[in-house]
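The values are calculated or read from the model by the stated rules, or taken from the named source; none is laboratory data. Being a predicted model, the structure only gives us computed values, none of them experimental. In this analysis, Cβ positions are derived from the backbone assuming ideal geometry, glycine residues included, and neighbour counts consider all displayed protein chains.
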């Protein structure tokens, strides 16, 4: 009986072709689904500032491209500075009440906004859109709250730090705070997806390091060695890229809870930075 013989070479080549096809499919899926890997908005606003004892004004802001944003203005009478708070890539403003309470106790008024597609804001998020959202919030403080640039501190956490650095490079606030922020989205992606050609695939820049080099105001970099989402090296690199005067606040705890777990050390670090601006 005739028996077909299989060549080891052809078998190996077949497996290599199959593996290459699977890898190409993985790369294609990563490229297509990239927006869902970057933005994690939640629509439902779960709590409001008054539920934790904070006075606030409900704010509606229209961006330059006509998107209506939602935010909260939490005032402190006689505050020397107003913080423009730009949150991270998940949830919405109702998940940042602890931060609003900390800033309020420090005697700082705060404006916090939801990017387009988050909470009660219209639209869907993208990089340029988040930049326009931040600029619209800045314009609101200047126009509606009558705040001068020297009265405003821009504060960004995680992805919000990339947006904050971009904004601070366009305007001239009193100071800039970057907390748990990455150097660029490509750098962050390469950390987590080393097996993918991230720098070729990425559709987003969010180049915090590049923008930070253009910022001329005092900067505070806050980061935790325990951060497993945005490694500590990102904070170190951002600190090196920042122009003086600059300050580094080392936190403890994971990416999402370091500001809480660091307790008084965190609050004192913010207080000292704000005091240094006077």
Can you tell me which residue is farthest from the chain's Cα centre (by Cα) among those in segment 83-108 that are assigned to a strand (DSSP E or B) and surrounded by fewer than 24 Cβ atoms within 10 Å (Cβ to Cβ)? 91
Can you name the helices (runs of 4 or more DSSP H) wholly within segment 140-203 that have at least 1 residues being out of contact with any helix residue (DSSP H, G or I) (no Cβ under 8 Å at 6 or more places or on another chain), more than 21 Å from residue 271 (Cβ to Cβ) and modelled with pLDDT under 95? 185-192, 198-201
Looking at residue 235 and the list (1) in a helix (DSSP H, G or I); (2) surrounded by fewer than 19 Cβ atoms within 10 Å (Cβ to Cβ); (3) in contact (Cβ under 8 Å) with a residue 12 or more places away in the chain, which single condition is not satisfied? (2)
Of the criteria (1) more than 21 Å from residue 142 (Cα to Cα); (2) in a loop (DSSP other than H, G, I, E, B); (3) in contact with a helix residue (DSSP H, G or I) (Cβ under 8 Å, 6 or more places away or on another chain), which one residue 43 fails: (3)
Test residue 118 against the criterion of being under 14 Å from the mean Cα position of the chain (by Cα), outside any loop (DSSP other than H, G, I, E, B) and at pLDDT 95 or above, and give yes or no. no
Tell me whether segment 225-232 contains one or more residues that are more than 15 Å from residue 156 (Cα to Cα), out of contact with any helix residue (DSSP H, G or I) (no Cβ under 9 Å at 6 or more places or on another chain) and surrounded by 15 or more Cβ atoms within 10 Å (Cβ to Cβ). yes
Being surrounded by fewer than 19 Cβ atoms within 10 Å (Cβ to Cβ) and modelled with pLDDT under 95 is the filter; apply it to segment 204-213 and report the residue that is farthest from residue 273 (Cα to Cα). 205
Residues to consider are 277, 201, 185, 196; find the one that is under 20 Å from residue 163 (Cα atoms) and touching a residue at least 40 places away in the same chain (Cβ under 8 Å). 185
Among residues of segment 121-136, those that are surrounded by fewer than 24 Cβ atoms within 10 Å (Cβ to Cβ) and either in a loop (DSSP other than H, G, I, E, B) or in contact with a strand residue (DSSP E or B) (Cβ under 7 Å, 6 or more places away or on another chain) (or both), counted: 6
It is to be established whether one or more residues within segment 62-74 are at pLDDT 95 or above, over 30 Å from residue 190 (Cα atoms), out of contact with any helix residue (DSSP H, G or I) (no Cβ under 8 Å at 6 or more places or on another chain) and surrounded by 11 or more Cβ atoms within 10 Å (Cβ to Cβ). yes
